[in-house]
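Engineer: Dropping the structure in here first, questions after.
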Amino acid sequence: MTAACDPGLPSQGHAPAPTTAADEFDALFHGEAHRRAFSRACHLADPALPPDVEPFSFLSADLLHHIAAALALTEDSTLADLGCGRGGPGLWLARTAHARLVGIDFSPVAVAQAQHRATTLGVGDRAHFAVGDLTATGLPDASVSAAVSIDALQYAHDHTAAAAETRRILRPGGRLVITGWHPRQHGDPRLPDRHRHTHWPTVLRAAGFSTVECHDRPAWSDTYLRIYRTALQQGDPGRDVALAGLQGEARRRLPTAHLLRRVAITAC
Ligand SMILES: C[S@@+](CC[C@H](N)C(=O)[O-])C[C@H]1O[C@@H](n2cnc3c(N)ncnc32)[C@H](O)[C@@H]1O
């Protein structure tokens with residue numbers, strides 16, 4: 001584990017983070033399908049992001065390539081994308097490696113859009129999406145060779161249960177890569193409660209992962225801030241619920257966003 005990701009304190013014993021319900025995500029994904037506000041902000045903030053990725057997350061090209069390298073997928077791999085949203089990042093990762101993909105999300109709207117995108121991209125036979133929870137994916141034991149969860153695991157009502165579910169579906173030796181945020185200073189009282197004590201390596205070890213590596217790059221945190229600023233520069237969202245949501249989040253989070261560090265954790 002890199003020193004920068006280690007706040008030196010355990011993260012257990014704190015109240016679970018408040019979560020966002022599936023129907024709230026359904027409404028956001030309806031809006032995103034029509035206007036692409038979130039993904040447009042991502043692509044404007046980082047023009048190097050491959051055009052068809054269209055994330056609903058704070059992804060940059062550099063972070064996407066880091067994830068691809070960490071997963072080390074091959075043609076024989078089956079990748080699980082947990083909290084897959086509209087499917088773009090998982091589809092890019094799987095297509096680039098000619099791997100199979102199974103995406104899980106609790107938003108039926110997101111799952112339908114992801115399956116449609118797979119068909120449009122001509123990989124509908126190698127990419128399957130299903131409604132499921134991060135803590136109960138419905139996938140069989142040891143059924144996937146790798147798993148990714150991009151900015152999603154923090155929404156699980158029980159982080160350790162979600163990590164344990166991921167471990168259950170992974171074949172022995174299979175790798176998980178997750179992205180999220182750590183406080184730059186553990187317990188920082190200026191941060192919202194849900195971010196103050198986050199330390200994903202502790203959660204992943206508690207779930208049974210034995211090898212855990214945490215990575216961060218300043219450019220990932222810079223892109224996170226730039227996506228918020230780009231969204232605010234879009235002006236009046238009108239009836240665009242996804243842009244309105246992102247702008248509201250940007251106004252709430254920007255004052256303390258610099259106190260967070262964007263991280264990617266690889267575990268097996
Ligand atoms: C920030 S979005 C990321 C989407 C996608 N990974 C991407 O990069 O575009 C978080 C996703 O997690 C999903 N999610 C949140 N809580 C969940 C849960 N308990 N079970 C399954 N999916 C969940 C949401 O529906 C949403 O699609």
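Engineer: Keeping all protein chains in position, work out how much accessible area Asp76 exposes to a 1.4 Å probe, and write it in Å² to the nearest 10.
Structural biologist: Its accessible surface works out to 120 Å², give or take rounding.
Engineer: A follow-up question, please. So what is the relative contact order for region 3-267, in percent, with contacts set as C-alpha pairs under 8 Å and at least six apart? Could the numbers behind the result be given before it?
Structural biologist: Details: 513 pairs, mean separation 62.2, N = 265.
Relative contact order for region 3-267 comes out at 23 percent.
Engineer: Enter the accessible area per residue of region 3-267 (Å², integer; probe 1.4 Å; all protein chains in place). Spell out each step's value before the answer.
Structural biologist: Working: 11110 Å² over 265 residues.
On a per-residue basis, 42 Å².
Engineer: With a 1.4 Å probe and every protein chain left in place, tell me how much accessible area Trp200 has, in Å² to the nearest 10.
Structural biologist: Here the accessible area works out near 10 Å².
Engineer: Suppose R0 equals 35 Å. What FRET efficiency, 1/(1 + (r/R0)^6) with r the Cβ-Cβ distance, do Ala22 and Asp62 give to the nearest 0.05?
Structural biologist: That pair, Ala22 with Asp62, gives E of 0.70.
Engineer: Just to verify a number: what accessible area does Glu213 come out at with the full protein assembly present, 1.4 Å probe, Å² rounded to tens?
Structural biologist: Around 90 Å² of this residue is reachable by solvent.
Engineer: In nm, to one decimal, how far is the modelled label at His157 from the one at Glu75, with both set 7 Å along Cα→Cβ?
Structural biologist: The answer from the label model is 4.4 nm.
Engineer: Also: Kindly work out what percent of the DSSP beta bridges joining two residues of the chain are antiparallel, to the nearest 5.
Structural biologist: Counting only bridges with both partners in the chain, antiparallel ones make up about 40 percent.
Engineer: Give me the percent of accessible area attributable to carbon and sulfur for region 3-267, probe 1.4 angstrom.
Structural biologist: Values: 5960 of 11110 Å².
C and S atoms contribute 54 percent here.
Engineer: Keeping every protein chain in place, order Asp125, Asp216 by accessible area at 1.4 Å, biggest value first, i.e. largest first.
Structural biologist: Descending accessible area places them as Asp125, Asp216.
Engineer: Counting each DSSP H run of 4 or more residues in the chain as -39500 (n - 2.57), what helix-only mean residue ellipticity at 222 nm follows after dividing by all residues, to the nearest 500 deg cm²/dmol? Working shown, then result.
Structural biologist: Numbers: 10 runs with 112 residues, N = 268.
So the calculated ellipticity at 222 nm is -12500 deg cm²/dmol.
Engineer: So for the chain, what percent of the C-alpha to C-alpha distances run longer than 36 Å?
Structural biologist: Tail fraction, whole percent: 7.
The values are calculated or read from the model by the stated rules, or taken from the named source; none is laboratory data. Only a predicted model underlies this, so the values are computations on that prediction, with no experimental measurement involved. Every residue, glycine among them, receives a Cβ derived from its backbone with ideal geometry; neighbour counts consider all protein chains shown. Accessible surface areas use protein heavy atoms only, side chains included; no ligands, DNA or RNA. Shrake-Rupley method; radii C 1.70, N 1.55, O 1.52, S 1.80 Å.
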